[in-house]
Structures are given as C-alpha cells and as structure tokens.
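The values are calculated or read from the model by the stated rules, or taken from the named source; none is laboratory data. The structure presented is a predicted model; accordingly, all values stated were derived computationally and were not measured. Reconstructed Cβ throughout: ideal geometry from the backbone, glycine too, with neighbour counts over all protein chains shown. We work out accessible area using only protein heavy atoms, side chains counted, and drop any ligands, DNA or RNA first. Shrake-Rupley method; radii C 1.70, N 1.55, O 1.52, S 1.80 Å.
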There are 2 protein chains.
Amino acid sequence: MGEVLTSGSLSTTATGLPAVRDLGPLYADAMEATPDHADEDALQRAYEIGRQGIARGIGLLELATIHHEVLARALKRISESSRIEEEVRRAGKFFIESLSPYEMAHRGFSEAVCALRSLNETMEREIQRIAHSVHNEAGQLLDAARLAIAGVGRDASPSLQGRLRELGEILDKAETELRRLSHELRPIILDDLGLIPALQVLAEGISRRSGVIVEVDTCLKGRPSPNVETALYRIVQEALTNVVRHARASNVRIQLARDAKGALHCGIRDDGAGFDVVTLLSRKERGGLGLIGIRERLNAVGGTLQIRSETGWGTELRIEIPAEK
Amino acid sequence: MGEVLTSGSLSTTATGLPAVRDLGPLYADAMEATPDHADEDALQRAYEIGRQGIARGIGLLELATIHHEVLARALKRISESSRIEEEVRRAGKFFIESLSPYEMAHRGFSEAVCALRSLNETMEREIQRIAHSVHNEAGQLLDAARLAIAGVGRDASPSLQGRLRELGEILDKAETELRRLSHELRPIILDDLGLIPALQVLAEGISRRSGVIVEVDTCLKGRPSPNVETALYRIVQEALTNVVRHARASNVRIQLARDAKGALHCGIRDDGAGFDVVTLLSRKERGGLGLIGIRERLNAVGGTLQIRSETGWGTELRIEIPAEK
C-alpha cells in the first residue's frame, strides 16, 4: 500500500462522537431485550444495528466502544464488583487498538474504490474525446483530400482519372478503417443516436464475428443519462464478450424496458452451458472478475444485478437501474 | 451495491478456523502481559496483533471471537463466577453479529478494488491496442495514397503536379493529426522506445503548452516491465497535470534512478505554491483524488508514495517501486 499519511492510532476518535450517542441506547436495548441475548431474534437485531451503524458512518472502533460500555454495565449488574467493570473497559481499549488496523485497511479500500472509480471515469472521458476526434479528423481531412482529387480530375486525361479513382478508393479504405477503430474505442453512435442503435450495431458486429445470434428487443422511449447509457453499453459489451468466450451459446436475447416507476430493466439471456454463480464469483478469475466488473459499473449508477445460471439452462443477467432524479 | 449473492450472516465462519488458533494465545499473552493492559506498551502490542491479523487473513469476526474468549477467561479469574464467563460469551456472539455487516462491507470493497483494477488494466490494454492500430493504419494507408499520387504525378502536367503536391500536404496533415491523437491515447514511444523517451516527449509537450519548464533527469539503464512503465508514465502524467493546474510553478524536475537493490526511485519536484497534504487528501476533491489515483496506480505495482509539500516551498512526490522478481 502507499504511505499512510494519517499515521498513528485512531482510537482517539473512538469516544464521544455525537453519532455514537444515539446508537448506544439502541445497542443496549437490543442486547438486553431478551433474557438470552444470543437467541435468533437478538442476533437479527444485532445484525440490523451493524447495518445502521454503517449507514450512519459509525466506525468499527466506535461500535466496539459501545459494545464494551454496554457489556461492562451488564456484568456489573451480575457481580456487583467494580473490578469487573473496570476490567471490561480496559479490555475494550485493548481490543479497540487491535481493531485499528482493520479500520485503517477499510478506509484505505474505501478511498481506493473512490479513486479507481474516478480514474475510470477520467479514462472513459478521455477515450470518448479521442474517439470523436479520430472520427471527425479522419472524415474532415479525407473529405478535403477527395475535394482536391476532384479538382485535379477535372483537368486530367481518362487514364489519369482511372488512377485518381484508385487513389480515392485508398482514401475510402483509410476512412472506413479509422472510423472502425474510433468505433471500437467508443461508439460515436452511442453519443449521437443513443443506447439502442449502439446496442444494435454492437449485436450485429458480434453476431457477424462469432456466429452467435444476438437479438435486441426493446421499445424504450427517450434516452437515459449519458452515464447510464455508457454503463449499460459497457455492461452489455462485457456480458456478450463473456457469452462468446465461455457460454457455448447459439442465441442471446437482450431486453430493455422501463417500468412504471421509471426504473430501467435490462435482461441478457443466453442458451449456453450455464455455470455455478457462487463458485465463479468466489474464484475471482476472469469470468468472475467480469461479473464483478459489471457489478462495479452498476454500483456507479446505483443499479443492481441478479444472476441466474444453471448447467444446461443457460444464463440470465437481470439488471435494474432506478429512475434518475 | 449490486446484489449480494452470499446472503445471510457470516458468523458461522467465526469459530474454529485454523488461522485463528495461533493468534488466540498471542492475543491472550499480549493482553495479560502487563498488569494494566491498557498502558502504552500493551496498546502497541494490540495494534501489532491487528496488523498481523490482517496479514494472516483473520477477519473481524474471528478477531472479536478471540477477544471475547480471552476476556471471558480473564474475568473468570477475577470473579470465580461462571455466570460472568457465560455472559461474556453470549455478549460476544451478539457483538459478532453486529460486526457482520462491517465484514461484508469490507469484503465488498475488497472485491470492488479487485474488479476496478482489472477493469482498468483491460481498458489500458484496449487503449494500447487501438492507439497502435490508429498509428499504424494511418501511416500505412497514407503511405499507399502517397505512392498512388507519385504514380499519377509522373504522367501529369506541371500545373497538375502543383495540385498533387497540395493533395500530398493534406494527407501529411491528416497523418500528423492522427498520430497526435494516437499519441494522446497512449504514446507509441512508450511501448517502442521505453519510459525515458516517452517521459521526455511528455515533458517537452507540457513545457511547450504550459510554459512550465519540465526537466527529466535520469541515467536509468534497461527498461522496467511494461506494467511498471505504464504505471510510472501515467503517474508522471497525472502529477504534471496537477502541477500545471494548481501549483503555479515555474519549474518541475523529474528524477529517476535505480538503487543498489534494484528498486526504482522517482522524484517529481516543483517550485510552486505547495499545499497541505493531509487537508487535500481528506477533502477527496479533484486534487486529492489525483493523489489517491497515483497511490492506486502504485499499489498495483507494489510501490509507495511519499509527499512533501509546504506553502512557498513547492511539492515533491517521492515514489519507490521495489525491484521486480
């Protein structure tokens, strides 16, 4: 890891924060609600407190502090000995110190995710800018060249005109090739015409190259925001790459619709070999990382992913992106 | 967040794992080593145990289990009451349940970092491939066009030859422009000639455009691995962008050297306004994210970053990347 600039222990932040105060009584209540505070109901409440703690930005160290304070009070009621209470508090301090590196690692990850997402967006913007430039410059300059050829051609003999036509063909080829590269970098059509035409071109291209029949089925009206369009395009692209590489499928169907609440639903269903989702995700190999990558792109736009896959049944990705505000 | 496929509580993994067994006695020893186990020495040992726990892959839940077992035994020695021991164990279970969401969030982050890094590498490879294609296709096809023009020119009148020269100039301009775009995407020179020439071209370009004098000072021999070259190039690029945007500097000096152990050291020093490192990193705005982005690129190659910056003194980034195996 890079140098940690906020060095030293974090335990000083562990006490007395305002956010902690209201979780404390909640924690005490939940722990004392049942005579056996390790039964199912109590454990569910504990789990819920953890979720709320994360949502309120309460760190590990604060949570551990709360726990030890509640524990010390509970034990004091049992034993009447003030030594017990003192001992638990001291043990709590010790424990919190051993949790500090976990808290720091967690912060490090959280910052890294933030930085990597931003890096990714920057790269996507750069790619977009350059893809458009390659596309436009290629078009404009080759148009200028063609005009110049036409100017030359007017005064030329028939045999020269034949050669100029050949030259024109070379320039056409150059333009086609550069537009193809620009498109691979980032489909201009995605920015100009929107997600559906871009997905159709993507589907045709993949069908042509791989032989897998890819169908796009949608009656979506209007265009999602650029971020959502980019995310969905890259997700479908990644999903189709996975299908072609691993699924041994003959058909893929991409469905896209908006529900009554304005949420976008995208289904990607193939009739391939299928796989065991949990195993794949836990292996973190290429395929697993592809799926995690899809989830990551979805996280960036607040979306969720469901995967259904069975051997012999094929695979379906179901994506939902909530309505944008 | 995307759907969590491993749903439910994780507390079943919290007990009896082999890795836990050897941390338990260590923890007990450290906690009992001094009469007051909340003194400085004890807390330092606790912190060290946390670091080791992370290194050994011991999760939060396991650590909390160890703590409560040690605590239960310690309290039993004080009170002789078996109810105390029982109570601590039950409270421990409860606490572990409330830690579960933290553990899951941590895993989610850790997976996201993994996925985002892989996404980033994939994008970098794609960019590299297409930058090379744009560069090569542009060159080859325009070469073919120039050959064709020369063929036409041999049979043409002097006035036609003048027009063909103009045509040639348009094609030259097209080629220059496309090579520039390809270079912006990813310097071909980085892959063909290596890091130092690529940094020199980068430095010249930035000097020309911004007026900041950028000097590259190195006697580095041999080429680092492609990953390290890409990381260092992008880091210097990001650092120089930051300097030009925010530092109000006149000079930047980039130094690159290898030490006796084979580790790479790269210093980037400007004479600009300087800033407060901790404040900037904690703000997480553009500048802060730039630095975190640099750290992230370094993490991917096992490198570290030190930042020294003072108002009026300027800023120095010191980067170290260990020798590759």
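Remarks
- Meets criteria (touching a helix residue (DSSP H, G or I) at 6+ places or on another chain (Cβ under 6 Å), closer than 30 Å to residue B:31 by Cβ, surrounded by fewer than 18 Cβ atoms within 10 Å (Cβ to Cβ) and not assigned by TED's automatic domain parsing to the domain that holds residue B:293) for residue B:89: yes
- Looking at region B:193-307, the strands (runs of 3 or more DSSP E) lying wholly inside it that each contain 2 or more residues that are surrounded by 21 or more Cβ atoms within 10 Å (Cβ to Cβ) and out of contact with any Phe, Trp or Tyr (no Cβ under 6 Å at 6 or more places or on another chain) sit at B:251-258, B:264-270.
- Positions within region B:118-131 being more than 7 Å from chain A (Cβ to nearest Cβ), of a type outside the set (Ser, Thr, Tyr) and out of contact with any Leu (no Cβ under 6 Å at 6 or more places or on another chain), in sequence order: B:121, B:124, B:125, B:126, B:128, B:129
- Positions within region B:70-102 being more than 7 Å from chain A (Cβ to nearest Cβ) and in contact with a Phe, Trp or Tyr (Cβ under 6 Å, 6 or more places away or on another chain), in sequence order: B:70
- Filtered residue count, region B:95-142, keeping only those that are farther than 30 Å from residue A:57 by Cβ and among the acidic types (Asp, Glu): 4
- Residue A:106 falls short of the stated requirement of being touching a residue at least 24 places away in the same chain (Cβ under 8 Å), under 46 Å from the mean Cα position of the chain (by Cα), within 7 Å of chain B (Cβ to nearest Cβ) and open to solvent by less than 10 Å² (accessible area, probe 1.4 Å).
- Picking from residues in region A:43-69 that are within 8 Å of chain B (Cβ to nearest Cβ) and among the β-branched types (Val, Ile, Thr), the one that is surrounded by the fewest Cβ atoms within 10 Å (Cβ to Cβ) is A:54.
- Failed criterion for residue A:147 (all others in (1) of a type in the set (A, V, I, L, M, F, W, C); (2) surrounded by 16 or more Cβ atoms within 10 Å (Cβ to Cβ); (3) within 14 Å of chain B (Cβ to nearest Cβ) hold): (2)
- Here is the figure for region B:157-175: residues that are more than 7 Å from every other protein chain (Cβ to nearest Cβ) and under 20 Å from residue A:175 (Cβ atoms) total 4.
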